[in-house]
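Data first, discussion second: the structure below is written as structure tokens.
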Amino acid sequence: MIYRRAIRPLFFGVAGRDVESIHERVLGGLAWTSRSAALTRAVALAVNLAAGEQPRGMEREIFGLRFPNPIGLAAGFDKNAVAIPALAALGFGFVEVGTVTRHAQPGNPRPRLFRLISDAALINRMGFNNEGAEAVARRLARQRPRGVPVGISLGKSKITPLDEAVADYLGSLDLLYPHGDYFAVNISSPNTPGLRALQERERLDALVAALVGRLRERAAQEGRAAPKPLLVKVAPDLEDSALDDVVEVCLDRGVSGLIAVNTTIARDALSAWVPRTLAEQTGGLSGRPLHMRAVEVTRRLHQRAGDRLPLIGCGGVFAADDARRLFDAGASLIQLYTSFIYEGPTIARRLNRALASRRQPARV
Ligand SMILES: Cc1cc2nc3c(=O)[nH]c(=O)nc-3n(C[C@H](O)[C@H](O)[C@H](O)COP(=O)(O)O)c2cc1C
């Protein structure tokens, strides 16, 4: 409430015109906090005071990992893994960092992030700006223990041609392997030219076969009972037949689970309140207008895969009812990003409490 009434207007007002620089300042604060155990504990305490303590009984065991609660932070917020301890202190049950690419890259020119306030949405065309797999691996090596499972999202470097994508992803996986509890293959961002072609059956098959193969090799070398989980993140713009292909390939190749969904290039769910100049920005749309599509895709994937491929539902989760809708469609865990920006730093805790209390509020 304090966030929505007092802090968000500051961020979204005059000072907030440059959306990305506000985001960078917030992330910088969380990174700074993360460097001190005492500050991180203070953040956890502040969340308890502002939003209440974490309810009991929200733990989940999925993909062989133990999650303290089912509400995770989606990829793209902490691209370089600078703020995991602070994000865990805010109450997220897991954090997916990245997307990380084999080579460091600046991403697309700014502006590349836009707020569609009337619709509680964002459009972004960041283009995988990140410090690259080596730098992120070095940072993660200094950071353990982290308290919550950490996923690492892997993407293709822009300079790497599509036909060399497999080696590019494997290069990132090799560097980051010791530091991830699970790995997510990002082949669904609309902001790297050609990337989504990797969702086509043959290319996807080659890519996931190589990555699962590498995870199995590493598990055998280390004497691990099971390889670290590999997840595939899908685009909401795939047709049903293409979603079915993804499920088949993932089941054939031993992928551990799916994340549904990434941002959409569709604009049909936007309201008439959004100015055309914003609606027509190139990039991926996230937030409230994505939610119903995320539910549909999750349901379709679950119908095809059943319990053989656990799902992380993602897209427009602002309230407990949204999370419930995704659970009902077959998701085992939830991720969010846009509602963190709109609803503030206690969103994970508030969602957990609302889910635990079985109340059905329209908003948490
Ligand atoms: C600014 C921004 C950057 C993102 N970057 C990534 C990314 O690097 N990798 C990725 O897999 N998804 C990325 N996403 C997509 C989110 O992880 C998520 O799938 C999507 O935003 C839908 O969830 P939401 O409606 O809760 O935001 C990004 C989203 C936003 C808004």
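Structure notes:
- Selection of the range 169-202 for residues being modelled with pLDDT of 90 or more, part of a helix (DSSP H, G or I) and surrounded by fewer than 22 Cβ atoms within 10 Å (Cβ to Cβ) yields L170, G171, D174, L175, Y177, P178, H179.
- Within the range 95-106, residues that are farther than 16 Å from N262 by Cβ sit with their Cβ atoms under 8 Å from residues that are within 12 Å of the ligand (Cβ to nearest atom) and of a type in the set (G, A, S), at 6+ positions apart or across chains, in these pairs: V95/G72; V95/G151; Q105/G127.
- Screening the candidates T282, T277, T263 for the property of being polar (S, T, N, Q) and either under 14 Å from the mean Cα position of the chain (by Cα) or at positive phi (or both) yields one hit, T263.
- Residues that are touching a Lys or Arg at 6+ places or on another chain (Cβ under 8 Å) and among the hydrophobic types (A, V, I, L, M, F, W, C) were ranked within the range 126-143; the one that is farthest from the ligand (Cβ to nearest atom) is A133.
- Boolean, R112 is among the basic types (K, R) and more than 14 Å from the ligand (Cβ to nearest atom): no
- Meeting the requirement of 2 or more residues that are within 16 Å of the ligand (Cβ to nearest atom) and among the aliphatic types (A, V, I, L, M), the helices (runs of 4 or more DSSP H) wholly within the range 290-364 are 291-305, 320-329, 347-356.
- Hey, I187 within 16 Å of the ligand (Cβ to nearest atom), under 20 Å from K79 (Cα atoms) and not hydroxyl-bearing (S, T, Y) or not: yes
- Within the range 194-206, tally of residues that are closer than 15 Å to E164 by Cα and either away from the ligand (no atom under 15 Å from the Cβ) or of a type in the set (F, W, Y) (or both): 7
- Hey, S118 farther than 24 Å from V43 by Cβ and within 19 Å of the chain's Cα centre (by Cα) or not: no
- Looking only at the range 197-249, residues that are of a type in the set (S, T, N, Q) and more than 22 Å from L333 (Cβ to Cβ) come to 2 in all.
- Top-ranked residue of the range 285-310 - restricted to ones that are of a type outside the set (A, V, I, L, M) and under 16 Å from the mean Cα position of the chain (by Cα), ranked as farthest from N124 (Cα to Cα): P310
- Within the set R125, R142, R138, the sole residue that is of a type in the set (K, R) and in contact (Cβ under 8 Å) with a residue 12 or more places away in the chain turns out to be R125.
- In this structure, G223 qualifies as at positive phi and either surrounded by fewer than 17 Cβ atoms within 10 Å (Cβ to Cβ) or at pLDDT below 95 (or both).
- Residue selected from the range 71-128 under the condition in a loop (DSSP other than H, G, I, E, B) and among the basic types (K, R), by the criterion surrounded by the most Cβ atoms within 10 Å (Cβ to Cβ): R102
The values are calculated or read from the model by the stated rules, or taken from the named source; none is laboratory data. What you see is a predicted model, and the numbers here were worked out from it, not measured in a lab. When we count neighbours, we look across all protein chains shown, and the Cβ atoms used for this are built from the backbone with ideal geometry, even at glycine.
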